[in-house]
Each structure stands twice: as structure tokens, then as C-alpha cells.
């Protein structure tokens, strides 16, 4: 099976192959701009305390980070939405290792600014077993420092593809989170963090699983 990032790059390549020259050039320009902006951002990182949050889930329940952390380490994944193929590829890849994460005493929470109704469709259509949460107005994303403004050209491209963020997202928020993964220990401290400037570069789920196992080993080691 291909790695997650190999799948993401393959999809990106297919997009460029189908695009006309003008669109491909515009997409390359957007990538450069998003990378430059991300270089100036200051997301939370290893050693910092993760902000607690409570969000509505696709299952109709309220989910609090602290409740999950009390039971073991938690992966918090930020994604753009179910309309984004890169996001759905990522969710499916994490679903593949979700049973191993649970056996290692961990849990996974996936967060996007999509409405709860949209999140429910994402969960069902992709066979995801872990909670998918709705981050109204990107409040949690802002607290983690991973939210960025969507450029006008990106909006235009999404509109052409039939995606209206004002309809997809809570409160019509036109911002989106960067691709990001955090591993939070039972003490609420971030033990692993990766925030990408572009949506086709993600943490490999098995690298995340390795970080979880390392954290478990460190926790169990004698003082």
C-alpha cells in the first residue's frame, strides 16, 4: 500500500495533469504564497500545553479533549473538510491505523470547520470510526495557531468545483485550518506536532503511531 504522502502527491500530480496551463500556473503561485505565509505563522509546538476544548461531533455528542486525555494520549488532526480529496485520503489513512492507536491506549479526534451535518456525511462516506468534530468559527484552530485565510483565487477555484465555503463551514467562516497533527499527552502537553503549509504534505499515520508508542515507553520508564 502506498504511503499517505505518496497518495497525496499522486493526486496533486493528477490535478496538474488535467489542468490547463493557466490554472496550473496559478496553483503553483498559490502554493508559493501559502508556504511563505506559513513560514511566518506560530502554531503551538512540542512542550506547550494544548488548549482544552469541547466541540460537537458528527455523532450528535459533545466531545471534550480533557476527557479523552484523562484516558490516554490523544491525536488531534486538523483537516479542511470532506470536500477536499487530500483531507479524505488523510482520514482514511488514519482510520487504517485507528485500531492500533486504540490498542496502544490512544485516541484520535479529527477537526474541521465544517457544519455538523457535513461532518456526519464525511464520517459515513469514509468509514471513519473516530470522532469528527465541528469547529465553529475555527475557534479551536485559532487556539492551536493553525488557521489561515483563504485567498480569493482559491475561493474562485473551489466555487468552480462546486464548493461554497459559506455553505460548508460554521457561521460562513471563509478561513481554513492548515494540515496539522498533534499528539497530546495525558498531562495535556503536546508531545508531537506537525503543521504543513500545504494540504498534500501530512504526517504519515505510522510515524504518529511510533510517536505514541515512544511516549508510552517514556511514561512507563522508571524515574
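Quick notes on this structure:
- Projected area, mean over directions - the range 84-144, Cα convex hull, nm²: 4.4
- DSSP assigns beta bridges within the chain; of those with both partners inside it, close to 70 percent run antiparallel.
- Degrees, to the nearest 10: 4-18 long Cα axis against longest axis of the chain: 10
- For the chain, built as a Gaussian network whose Cα springs stay under 10 Å, the top-fluctuating residue of 137, 25, 84: 25
- Rough spin-label spacing in nm, given labels placed 7 Å along Cα→Cβ, for residue 59 and residue 104: 2.1
- Rounded tilt (10° steps) of 205-220 against the dominant C-alpha axis of the chain: 20
- Between 0 and 90°, nearest 10: helix 85-103 axis offset from the chain longest Cα axis: 10
- For the pair residue 210 and residue 35, the difference between a 0.36 nm per residue extended length and the Cα-Cα distance amounts to 60.3 nm.
- Among 80, 115, sorting on how many other beta-carbon atoms sit within 10 Å of each Cβ, with the fewest leading, yields 115, 80.
- For the chain, calculated [θ]222 nm from helices alone, where every DSSP H run of n ≥ 4 adds -39500 (n - 2.57): -14500 deg cm²/dmol
- Model label sites at residue 198 and residue 150, defined 7 Å from Cα along the beta-carbon direction, differ in position by 2.0 nm.
- Within a Gaussian network of the chain (alpha carbon springs, distance under 10 Å), most fluctuating of 104, 58, 24: 24
- Alpha carbon Rg of the chain, scaled by the compact-globule rule 2.2 N^0.38 Å: 1.00
Any read-out appearing in this document is the output of simple, stated calculations on the displayed coordinates, not a laboratory observation. Every value quoted in this text rests on a predicted model; they were computed, and no experiment measured them. All Cβ positions, even for glycine, are placed from backbone atoms using ideal geometry, and neighbour counts span all protein chains on display.
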